[in-house]
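What follows is a set of notes on a single structure, which appears directly below.
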Amino acid sequence: MSNSKIPKVGNRTTLAPSISSFLKHNPSLHLGGANAFTDERRHHTEVFGIHSLPKEKVHPIHEVEFTAIRGPHGTIPVRVLYPKSGEEKRKKGEAAALVYFHGGGYTVGSVDEFENGLRQLAEESAVQIYAVDYRLAPEFAHPVQLDEYDAIISWLDSSGGKSRGISPSLICGGGDSAGGNMTAALCLRRQDHKLPPLAAQILLYPEARLPFDTPAASENNSGLYLECNGIFSFADHYLPRGIPPAHRYISPGMQEIKDLKGQPKSVVCTAGFDPLRDVGVEYARKLEEAGNVVIWRHFDRLTHGWLQMGAWSDEAENAIKELAGEVKKVVYG
């Protein structure tokens with residue numbers, strides 16, 4: 001018998017009207033569409049970039065720091081979002097840090113396109129967010145990105161975190177979509193390498209494995225922003241030759257339950273109108289069955305990418321607010 005209250009697959013109800021309207025107004029905005037990924041990179045920056053948003057839609061934040069560290073594969077740019085709500089903790093050296101790896105199929109995206117949603121998340125959770133412009137595939141394949149993730153964590157665990165008021169016991173990792181995949185993979189890899197575990201992992205509509213056999217992959221195949229069949233080309237960009245797709249650090253969601261024991265506390269969010277919905281639900285369930293603490297939140301009216309859609313959708317903003325509440329609870333208790 002399963003000891004998990006999380007279902008095997010998710011559901012969808014009615015697409016939120018604000019999301020429906022956003023998709024109608026941006027008919028050529030796809031992730032994993034038929035166009036070249038270079039076109040998608042440009043188009044995403046044009047639509048979601050914080051510089052493109054109307055001023056009144058930009059979330060206030062106490063302070064933004066642009067910095068960088070030397071990583072194992074070159075310089076890694078990092079954008080630090082300091083929330084006003086976290087200033088007391090920062091002064092006392094008791095602040096939490098969330099290292100954030102954005103989505104985009106390992107191939108598309110930059111921190112500019114995620115900053116607005118992450119500002120809201122930072123202010124409402126009192127957690128400092130370290131949003132990383134990691135190297136993208138296909139120019140750079142696995143494990144370059146995981147190496148960069150580890151480099152940022154090491155930096156925060158030492159001089160970088162100390163000077164910014166971070167408690168070493170409150171360093172978390174998070175990401176959406178492909179960033180959720182890399183976060184889950186990094187937690188497994190750190191466990192295998194006997195490195196200190198993260199305080200928590202925050203997985204937003206994660207690509208826990210390839211969705212070739214799920215109801216969501218059929219129901220939400222096309223026309224809902226993330227094109228399901230495009231996920232396979234993204235995986236091809238990320239996956240070096242010679243590493244099987246079922247590998248622990250490529251498809252955390254394909255691992256057996258016994259091999260997922262001892263993971264950090266997890267917040268897993270899924271969306272009803274997302275082709276990745278069911279692989280995210282499945283991973284949350286497996287983590288819980290393995291005895292881990294899991295908070296699962298399902299948004300049955302939203303689509304993939306809602307973290308970026310707050311400027312156009314109150315429903316998306318409300319989901320970010322709910323996420324922030326869970327992050328605050330998991331991190332600060």
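Considering only Gly173, Leu121, Ala316, whose Cα is most displaced toward the positive end of the charge dipole of the chain, charges sitting on Cβ of Lys, Arg (+1) and Asp, Glu (-1)?
Gly173
Just want to confirm a number: the relative contact order over region 230-331, from Cα pairs under 8 angstrom separated by 6+ residues, in percent.
RCO, region 230-331: 24 percent.
Assigning unit charges at the beta carbon (Lys, Arg +1; Asp, Glu -1) and nothing else, what dipole magnitude in debye, to the nearest 20, does region 1-131 show about its Cα centre?
Dipole size: approximately 360 debye.
Which order, highest average first, do 155-165, 184-194 follow once you tally other Cβ atoms within 10 Å for each residue and take the mean per peptide?
Working: 155-165: 16.3, 184-194: 18.5.
Put in order of decreasing packing, that is 184-194, 155-165.
If I stretch the segment between Ser52 and Lys8 completely, what's the gain in nm (0.36 nm per residue apart, minus their alpha carbon distance), one decimal? Numbers along the way, then the final one.
On the way: separation 44, 0.36 × 44 = 15.84 nm, distance 3.90 nm.
Length gained, Ser52 through Lys8: 11.9 nm.
Rounded to the nearest 500, what is the 222 nm mean residue ellipticity of the chain from helices alone, with -39500 (n - 2.57) per DSSP H run of 4+ residues and division by all residues? It would help to have the intermediate numbers written out before the result.
Working: 11 runs with 116 residues, N = 333.
It lands at -10500 deg cm²/dmol.
Using a Gaussian network model of the chain whose springs link C-alpha atoms within less than 10 Å, name the residue from Gly179, Gly280, Gly242 with the highest mean-square fluctuation.
Gly242
Based on other C-beta atoms within 10 Å, arrange Phe212, Phe273, Phe234 from fewest to most. It would help to have the intermediate numbers written out before the result.
On the way: Phe212 11, Phe273 27, Phe234 24.
Final ranking by Cβ density, sparse to dense: Phe212, Phe234, Phe273.
Using the 10 angstrom Cβ neighbour count as an exposure proxy, how do Asp236, Asp150, Asp274 rank, fewest first?
Asp236, Asp150, Asp274
Placing unit charges on C-beta atoms (Lys and Arg positive, Asp and Glu negative, everything else neutral), compute the dipole magnitude of the chain about its Cα centre in debye, rounded to 20. Provide the component values of the computation, followed by the final result.
Numbers: 36 positive and 40 negative charges, 176 e Å.
Value, rounded to 20: 840 debye.
State the label only: which of (1) 0.93; (2) 1.04; (3) 0.96 corresponds to Rg/Rh (Cα atoms, Kirkwood Rh) computed from the shown model?
(1)
Could you work out which residue, out of Gln255, Gln263, Gln308, moves most in a Gaussian network model of the chain, that is, has the largest mean-square fluctuation with Cα springs under 10 Å?
Ranking Gln255, Gln263, Gln308 by mean-square fluctuation puts Gln255 first.
Longest span of the chain, sites excluded, free of GluC sites (Glu not before Pro) in DSSP loop with at most 14 other C-beta atoms within 10 Å?
1-138
Please state the charge dipole magnitude for region 152-259, taken about the Cα centre, from unit charges on C-beta atoms (+1 on K and R, -1 on D and E), reported in debye and rounded to the nearest 20.
Here region 152-259 has a charge dipole of around 580 debye.
Within a 10 angstrom radius of the beta carbon, how do Lys55, Lys261 rank from fewest other beta carbons to most?
Sorted ascending by nearby Cβ count, the order is Lys55, Lys261.
Okay, which of region 143-164 sit inside 19 Å, backbone N to the point 7 Å along the Cα-Cβ direction of His247?
Once the point is set 7 Å along Cα→Cβ of His247, 143-151 turn out to lie under 19 Å by backbone N, inside region 143-164.
The numbers here are math on the coordinates, done by the rules we state, and not lab data. For clarity, every value in this text was computed on a predicted model and none was experimentally measured. Heads up, the Cβs are rebuilt from the backbone with ideal geometry, glycines too, and the neighbour counts pull from every protein chain shown.
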